[in-house]
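The values are calculated or read from the model by the stated rules, or taken from the named source; none is laboratory data. The structure displayed is predicted, hence computed values, not measured ones. Backbone-built Cβ (ideal geometry, glycine too); neighbour counts: all protein chains shown. Just so you know, the surface numbers come from the protein's heavy atoms only, side chains and all, with ligands and any DNA or RNA stripped out. Shrake-Rupley method; radii C 1.70, N 1.55, O 1.52, S 1.80 Å.
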Amino acid sequence: MRSSLGFHTMTITLATNGNTAKELIMDFKRYETKTNLIKMYHLNEEKKSIPFNLPKDSNFLIPMTLKIYYKNYNGITWIIRSAIQNNSINYFFIEAKINPKMLINKHDYIIAATYDDMDTVIKNFNLEASKISDLLENFDCYAITRIDYCINFDLDELTDKCSPELLIELIKRGNIPHSYTEWEIYDKTVHRKKSQPGSFYLINNSVIINCYSKYMQLLDRSKRNKEKGYDPVPQKTLDAARNVIRFEVQYKYHKVYTISKEAERAGNHKVNKYESLLTHEYCRDVIHSYYNKIITGGNWYTLEEAIRWVKFGHFNRQKEIRLINTLQLINQCRSVEKAKNNYSDHNLVIFKQTLKYLSSLGINPVTIPKDREVNYIPNLLYAYHNKVKDEEFMLECFKEYFHSHRK
């Protein structure tokens, strides 16, 4: 099953002092010279990434940011970062950005990592760190400072006759929660900022939410790899990702700090709180919360079909009109967010309540354009969980069959 729920990247961080950071940089350089497995880079005055050459003077100035890449990516990128406090640098951070699936030698860019992978992740991380320097210590000494939770929807498994392009289009018409803004970049052709066509990318100070075509993302990564002289993403991986939509929730430092404190109050007093923050239940709750805030519950229908479902409810005339008017307004405005801008104060509260009620009826307030060949798309989150239940049921049936025939 290619659809999966869990996390795909995490960053862990260890604080240190200037002398230790300098010794560690020399250890990295020795490892680079000895093995030729890594390459060290820093930013020059023009903010361009250039190879880092260790100065002969032992009192060399540590770069503000030093990145260490593996030539054959193994799931870890090391970063040594200077911290400025009161206009002076008096401590440093050692960061490891980890792709768990790559680190445990499962070269899969699509399937999410889960809590069950962590024993092997920790073992391999400690082994790799020990090859470079004792100063890198071990996994338990690092605090988690970023987690990218995710769910991958394989449309071939969950829907019929629905392209990833149509799904992204519908998702981009969803809700933008309070305090979030859609990330946009300047388009020189139209001389204004525009959102990216292949993704729905929302940001605030502590969380990033991104929904995108995994195929398009890997295609872009493959192109950048070739430009840097690295191996492209294998064609087999690109083919497997062709109809995969990823919905990810990136918890940045402030959010991870908050949930780490919550875990501490619940009894987890370890520096590294992965046992609390990466469980299947926690990953599921994070994904459910943000999916329902943005994409909202319910299935996608054409406007005509959605109105037909409302009428099946046999509501009183006033409620029926309110539900249908909301669907028509969102269809006319081409997004929940733009329709929301038509209301304020009490009317806005009623509008949000209507959205929730539509979701409870199994109707997504965003409707499928009538010129498309499809008039129904299931709620991807519910379709995923139904698929998991079916897989688990089939597995239990197989086990029963196997044990009965062994007897």
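If I filter the stretch 88-101 for residues that are among the basic types (Lys, Arg), open to solvent by 40 Å² or more (accessible area, probe 1.4 Å) and farther than 30 Å from residue 227 by Cα, do I get at least one hit? Can you show your working first?
Just the residues of the stretch 88-101 that are among the basic types (Lys, Arg), to begin with: 97, 101.
Narrowing further to those that are open to solvent by 40 Å² or more (accessible area, probe 1.4 Å): 97.
After this cut, where a residue has to be farther than 30 Å from residue 227 by Cα as well, the list is none.
Within the stretch 88-101, not a single residue is among the basic types (Lys, Arg), open to solvent by 40 Å² or more (accessible area, probe 1.4 Å) and farther than 30 Å from residue 227 by Cα.
Taking the condition part of a helix (DSSP H, G or I) and either within 22 Å of the chain's Cα centre (by Cα) or modelled with pLDDT under 95 (or both), does residue 135 pass? Spell out the reasoning first.
Details: part of a helix (DSSP H, G or I): yes; either within 22 Å of the chain's Cα centre (by Cα) or modelled with pLDDT under 95 (or both): no.
No.
Name the residues in the stretch 340-357 that are aliphatic (A, V, I, L, M) and under 27 Å from the mean Cα position of the chain (by Cα), would you? It would help to see each step written out before you state the result.
Going residue by residue through the stretch 340-357, those that are aliphatic (A, V, I, L, M) are 348-350, 355.
Listed by number, the list holds a single entry, 355.
Can you go through 136, 127 and tell me which one is surrounded by 21 or more Cβ atoms within 10 Å (Cβ to Cβ) and more than 19 Å from residue 249 (Cβ to Cβ)?
Values: 127 fails: surrounded by 21 or more Cβ atoms within 10 Å (Cβ to Cβ).
That would be 136, the only listed residue that is surrounded by 21 or more Cβ atoms within 10 Å (Cβ to Cβ) and more than 19 Å from residue 249 (Cβ to Cβ).
Restricting attention to the stretch 217-253, which residues are over 24 Å from residue 290 (Cα atoms) and among the small types (Gly, Ala, Ser)?
222, 229, 240
How many residues are open to solvent by less than 10 Å² (accessible area, probe 1.4 Å) and among the charged types (D, E, K, R) when one looks only at the stretch 139-153?
The number of residues fulfilling the criteria is 1.
Go through the stretch 1-77 and tell me which strands (runs of 3 or more DSSP E), entirely inside it, have 1 or more residues that are closer than 30 Å to residue 158 by Cα, open to solvent by 20 Å² or more (accessible area, probe 1.4 Å) and not hydroxyl-bearing (Ser, Thr, Tyr). Walk me through it before giving the result.
On the way: elements: 4-16, 38-43, 49-51, 65-70.
The strands (runs of 3 or more DSSP E) meeting that bar are 4-16.
On the given criteria, is residue 282 free of Cβ contacts under 8 Å to residues at least 60 places away in the same chain, among the aromatic types (Phe, Trp, Tyr) and surrounded by 13 or more Cβ atoms within 10 Å (Cβ to Cβ)?
Values: free of Cβ contacts under 8 Å to residues at least 60 places away in the same chain: yes; among the aromatic types (Phe, Trp, Tyr): yes; surrounded by 13 or more Cβ atoms within 10 Å (Cβ to Cβ): yes.
Criteria met by residue 282.
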